[in-house]
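Here the structure comes first, spelled out in structure tokens, and everything after it is commentary.
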Ligand code: HAM
């Protein structure tokens, strides 16, 4: 028998009910914060990501799946959302808050928590320029993670990249500081020194990490405006009681960021420990040919979030709901009418598919995760009633059906 490996996270690692519940929780959360759903295409122009994410980033340089010379499978949604906003005349129309959910594609070496096809739930707010807004999102992300019972497994790491000018000044100084010590860097970092020295902060090599910790720090390069925004943000987090770690080496692997960047990570020290990430990208609209449009967003990796859910939250997640129709074949027309009545009242009814023995159907009802079984036999059909059995308590009651 041939075997096929699955490239996606959800299909192999999550049953779809669990995935839907996770997505549902994210949608409900984002609606409360005023985000509206946007659907972004799976196939996109290659140049969009080259311009927005940056040609020297891993995502663009090594990980994009080509559809043809000009098009790729989307590796992320931020550049697409900004393109959609610009194309829709956003500069005239004004601010938007968009949320999206769906597969992204990156040609990475698959392992637990890292897939070639994975799902992101993302939110992008375009034309917002307030650190109070950023703080509000972070505070509410903490709430979302609490609701999903994973809050205590995550650390919020934050940093600020300042303005482009501040970052460039830092980049030049870092390069000058590192050049005489080049040989103490690992091989990849030596290459990055000339292409993108800020990415040396991403190195996992302990010697390189130690060296970087003793070098110039980006926070020292911030001007008064950047510093004020940073202080407003950290104060808001402090007041809300959201713990965070300031990580001066957090640079994020995508070029469009400025100002606040953040990651929600697990405590393990491995590349795929980041569950959600984002930040400000005030310069992206201009980079794509538009005007300056301050923006902020993030994306949650749904597979990674799902890996965090423990057995306890899984039980909560799979709470019994709805009805299972257990009927006998000689009363199936009546059973269909009863099911329709329940569905019209907004209830979920799962139709049994083996109408021979009631006992067998009740077993199936139990396995279906329904809360109640609707039992319809000869007596019920004759008296125009339905017997409802609570599958948790076993209590059974017969009701008249209002036909
Ligand atoms: P990112 O850090 O590249 O940011 O991805 C966001 C999240 O997607 C990661 O934290 C991780 O949970 C998940 N993820 C990334 N790659 C993989 C993979 N190969 N397998 C499984 N999960 C993965 C972005 O994509 C930005 N667009 C986020 C953003 C939105 N920034 C501003 N707005």
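The values are calculated or read from the model by the stated rules, or taken from the named source; none is laboratory data. Keep in mind that what you see is a predicted model, and the values were worked out from it rather than measured. No Cβ is skipped: glycine too gets one built from the backbone with ideal geometry, and neighbour counts run over all protein chains shown.
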Worksheet item: Among the residues of the range 248-258, is there at least one that is at pLDDT 90 or above and closer than 16 Å to residue 137 by Cα?
Response: no
Scanning the range 121-141 for residues that are closer than 15 Å to residue 235 by Cα and either within 12 Å of the ligand (Cβ to nearest atom) or within 15 Å of the chain's Cα centre (by Cα) (or both), the one surrounded by the fewest Cβ atoms within 10 Å (Cβ to Cβ) turns out to be 137
Would you confirm whether or not the range 272-279 contains a residue that is more than 10 Å from the ligand (Cβ to nearest atom) and surrounded by fewer than 24 Cβ atoms within 10 Å (Cβ to Cβ)? no
The residue from 265, 235 that alone is within 10 Å of the ligand (Cβ to nearest atom) and either within 17 Å of the chain's Cα centre (by Cα) or exposed (fewer than 15 other Cβ atoms within 10 Å of the Cβ) (or both) is 265
Note: among 40, 48, just one is part of a loop (DSSP other than H, G, I, E, B), within 14 Å of the ligand (Cβ to nearest atom) and surrounded by 12 or more Cβ atoms within 10 Å (Cβ to Cβ), namely 40
For the range 108-141 the number of residues that are closer than 28 Å to residue 73 by Cβ and at pLDDT below 95 is 12
Checked the range 269-302 for anything in a helix (DSSP H, G or I), at pLDDT 90 or above and more than 16 Å from residue 94 (Cα to Cα); matches are 273, 287, 302
A careful count of residues in the range 238-250 that are assigned to a loop (DSSP other than H, G, I, E, B) and either free of Cβ contacts under 8 Å to residues at least 60 places away in the same chain or surrounded by fewer than 21 Cβ atoms within 10 Å (Cβ to Cβ) (or both) gives 7
Counted residues in the range 51-66 being in contact with a helix residue (DSSP H, G or I) (Cβ under 7 Å, 6 or more places away or on another chain) and without any contact (Cβ under 8 Å) to a residue 24 or more places away in the chain come to 2
| message | Whether any residue in the range 108-120 is within 14 Å of the ligand (Cβ to nearest atom) and either part of a helix (DSSP H, G or I) or within 22 Å of residue 287 (Cα to Cα) (or both) is what I want to check. | response | no
Quick count over the range 66-104, residues being under 14 Å from the mean Cα position of the chain (by Cα) and in a strand (DSSP E or B), is 7
Residue 28 being surrounded by 19 or more Cβ atoms within 10 Å (Cβ to Cβ) and assigned to a helix (DSSP H, G or I): no
So the helices (runs of 4 or more DSSP H) completely within the range 317-403 holding 1 or more residues that are at negative phi and in contact (Cβ under 8 Å) with a residue 60 or more places away in the chain are 332-344
**Message:** Condition first: at pLDDT 95 or above and either touching a helix residue (DSSP H, G or I) at 6+ places or on another chain (Cβ under 6 Å) or on the phi < 0 side of the Ramachandran plot (or both). Can you find one or more residues in the range 5-19 that meet it?
**Reply:** no
